[in-house]
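Colleague: Got a structure for you, questions after.
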Amino acid sequence: MSTASADAGAARPNHWRRWLGWAATAAALVLAAYLLRRIHAEYGWDEIRRSLTQIPAARIAAAGAFVAASYLCLTVVDWLAVRAAGHRLAWRRCALASFTALSIGHTVGLAVLSSGAVRYRFYRRWGLGAGDVARVILFCATTIGLALAGVGGIALLAAPDLAGDRTGLSAGAVRAIGAIALLGPLAYIGLASAGRGRIRIRSWTIEIPRLPVALGQVAIGPLNLACVAGALHQALAAGGNVAYLDVLSVYVVANVTALVSHVPGGLGVLESVVLALIPGSEAIGGVVLFRVAYFLVPFAIGLLVLGLSEILRRR
């Protein structure tokens with residue numbers, strides 16, 4: 001077999017993977033546009049603008065503070081991930097890589113790939129190999145998964161009425177689902193305490209860090225989600241009396257839905273889920289405020305930081 005034909009055969013799968021990636025992105029954008037169109041058909045622009053103007057400045061400031069706390073938590077996740085990969089980087093470097101990567105990845109979508117590419121740019125220049133960067137990315141993704149399971153389980157156990165009303169399940173069934181969800185983080189801690197090192201699930205290999213790192217990982221992930229839910233709660237609370245646990249439950253559902261759909265920034269998905277579970281024209285302004293505070297403002301700052309870092313690196 002000639003070299004040219006071998007190269008063509010190797011390029012063909014990559015060609016199809018590239019087209020499939022573009023098709024998935026296009027389908028996600030179509031879904032986002034459809035969901036947004038449904039939302040704006042139900043709530044007109046005047047209602048949205050009126051809802052935004054009714055949010056007090058104190059609520060906006062509190063939402064911004066919770067957003068900042070969330071991104072601070074995420075920098076700790078990267079710092080733990082680098083330590084788990086066997087490196088000792090200063091927190092400020094991990095914080096720079098984490099914020100830049102996630103502020104862009106949250107908005108662009110396919111966060112593992114988009115934020116992973118930005119992390120690669122930073123960590124490679126600081127001495128981490130390609131395998132180490134991959135371990136950092138997997139560690140961060142595992143942290144989010146454990147946090148969703150843990151926070152979702154706690155929310156279902158503490159406030160089963162919201163999920164029960166929307167799904168038709170009994171309170172006992174909802175609590176049982178919550179208890180099962182909590183088994184994930186508990187099993188992870190058990191494996192870390194037993195010193196298993198790594199587990200294999202078919203072709204996937206998950207490395208289990210040492211117990212102190214795993215405990216920090218399981219603790220900081222839920223704290224991050226609690227801060228994000230706090231920002232959303234502050235944005236929504238201006239429109240009425242909304243319980244924090246209800247907002248936390250809604251955000252976990254919206255986050256899982258957005259991750260499954262791969263819609264960039266959860267565009268349309270977040271709004272659709274929140275307004276389905278917390279209906280009312282007052283809520284839409286809060287969702288818009290949350291999107292600006294958590295996605296758009298950090299996205300603009302992240303692009304600026306990335307551009308400046310690339311300029312300084314070349315100099």
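The values are calculated or read from the model by the stated rules, or taken from the named source; none is laboratory data. Here the structure is a predicted model, which is why all the values come from computation and not from measurement. Glycine gets a Cβ as well: all are built from the backbone with ideal geometry, and neighbour counts include every protein chain shown.
Colleague: With 76, 82 as the choices, which residue is buried (at least 21 other Cβ atoms within 10 Å of the Cβ), within 16 Å of the chain's Cα centre (by Cα), over 17 Å from residue 294 (Cα atoms) and touching a residue at least 24 places away in the same chain (Cβ under 8 Å)?
Modeller: None of the other options fit; the residue is 76.
Colleague: Would you mind finding the one in 289, 211, 259, 277 that is within 21 Å of residue 154 (Cα to Cα) and either in contact with a Leu (Cβ under 8 Å, 6 or more places away or on another chain) or at pLDDT 85 or above (or both)?
Modeller: Details: 289 fails: within 21 Å of residue 154 (Cα to Cα); 211 fails: within 21 Å of residue 154 (Cα to Cα); 259 fails: either in contact with a Leu (Cβ under 8 Å, 6 or more places away or on another chain) or at pLDDT 85 or above (or both).
Matching residue, one of 289, 211, 259, 277: 277.
Colleague: Moving on. Please work out if residue 202 is in contact with a Ser or Thr (Cβ under 6 Å, 6 or more places away or on another chain) and at pLDDT below 75. Please lay out each step first, then the result.
Modeller: Working: in contact with a Ser or Thr (Cβ under 6 Å, 6 or more places away or on another chain): no; at pLDDT below 75: yes.
No: the conditions fail for residue 202.
Colleague: Sticking with this one: For the stretch 211-228, enumerate the residues that are touching a residue at least 40 places away in the same chain (Cβ under 8 Å) and of a type outside the set (Val, Ile, Thr).
Modeller: Selection gives 216, 217, 221, 222, 223, 224, 225, 226, 227.
Colleague: Of everything in the stretch 85-104, what is free of Cβ contacts under 8 Å to residues at least 40 places away in the same chain and farther than 26 Å from residue 229 by Cβ? Give them in sequence order.
Modeller: 88, 89, 90, 92, 93
Colleague: Residue 170 - would you say it is over 17 Å from residue 77 (Cα atoms), surrounded by fewer than 16 Cβ atoms within 10 Å (Cβ to Cβ), at pLDDT 80 or above and polar (S, T, N, Q)?
Modeller: no
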